[in-house]
Amino acid sequence: MGSLYLNGLNKEARATLEKQLWDSQGGKCFISGKPIELALDQVDIDHIIPTRDNGPDNPSNFPLTLAHYNRSKQAADLRVARVLARFEFIKEEADSDDRGANLNDVLKAYGGAKEPLRAKIEGDTITCVVGPAEKVTVPNYTDKLSGMRYFFSVLPIRVVYHDDRINPRPLGANLRGLVEEFHKRRPQLHVSLGWMNSAELPDAKINLFDGQHILSLTPSPHAPPLPLTAPAPPSASGSARAAGKRRARRWSSARNRSNRPSRPPAA
């Protein structure tokens, strides 16, 4: 949809607005993150949130983009469009194999898979190092059906790894709907699920599996990496991992049947 605000600007006023947006975006395209040369490149000003979705028609909702990326965008909401554009760049740079990008490639792009989690289990609690001088202590539960121990915590993305044994497949190409659901605050998958081998403590990897790629894709390509929430059963046995995966699927299925917030099954 066109913009009444932009249509009312003369050439000089539009050039001034383009320069202001260029400065605020660090001289980079909102969608692709690539540098913009105002004197050379063809640029567009569009709405970040479409006006049909109640996005305002004023500079607070205007981004500056390279015309090519704006006119070939995969979504009307530019927050979604830049996530999808970033994924295309990740696929081009993927080093996993010739099947396409997987979660490992996404994590690397956002600063993940850098170091193991430092943690200590004491009785029914686990203490995790989440920053240079920051620790968190949370309950360490026991699942009565599988016997697995598990906990819930917000962890920095640098300690999160791709579980290429449980989930070696590449990410699907049809991500638009999932990303849009995230921005509408009703994602199909909300809490990330992972596992670690407690025998490796105090340094153990947090391994993500199933559909957690959607959470990795949602940070802005221009923003600092966001932490992931990962309940991690500290058991590396094949049966434990399989039980955890079955439980994750049941939980995801239950969430998809209801719009109300849900909780994981009680231990």
Meets criteria (under 23 Å from the mean Cα position of the chain (by Cα), under 30 Å from P139 (Cα atoms) and either among the polar types (S, T, N, Q) or buried (at least 19 other Cβ atoms within 10 Å of the Cβ) (or both)) for L78: no
Residue match in the range 78-91 (condition: modelled with pLDDT of 90 or more and either part of a loop (DSSP other than H, G, I, E, B) or over 22 Å from L178 (Cβ atoms) (or both)): no
Unique match (being loosely packed, with under 14 Cβ neighbours inside 10 Å and within 15 Å of the chain's Cα centre (by Cα)) among R165, R158, R186: R186
Sole residue being at pLDDT below 65 and closer than 25 Å to S32 by Cα, chosen from H183, H222: H222
Number of positions in the range 1-17 that are surrounded by fewer than 16 Cβ atoms within 10 Å (Cβ to Cβ) and not in a helix (DSSP H, G or I): 5
Total residues in the range 18-43, condition among the polar types (S, T, N, Q), in a loop (DSSP other than H, G, I, E, B) and either under 26 Å from the mean Cα position of the chain (by Cα) or at pLDDT below 95 (or both): 2
Flag for N54 being over 19 Å from I31 (Cβ atoms) and surrounded by 15 or more Cβ atoms within 10 Å (Cβ to Cβ): no
Y141 of a type in the set (F, W, Y), at pLDDT 90 or above and not assigned by TED's automatic domain parsing to the domain that holds A15: yes
Any hit, the range 64-72, residues being more than 23 Å from R86 (Cα to Cα) and in contact (Cβ under 8 Å) with a residue 24 or more places away in the chain: no
Residues (under 28 Å from A199 (Cα atoms) and surrounded by fewer than 17 Cβ atoms within 10 Å (Cβ to Cβ)) located in the range 97-115: G111, K114, E115
Matching residues, the range 119-152, being farther than 21 Å from K205 by Cβ and surrounded by 19 or more Cβ atoms within 10 Å (Cβ to Cβ): none
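The values are calculated or read from the model by the stated rules, or taken from the named source; none is laboratory data. Quick caveat: nothing in here was measured; it's all calculated off a predicted structure. Virtual Cβ from ideal backbone geometry, glycine too; neighbours counted across all protein chains shown.
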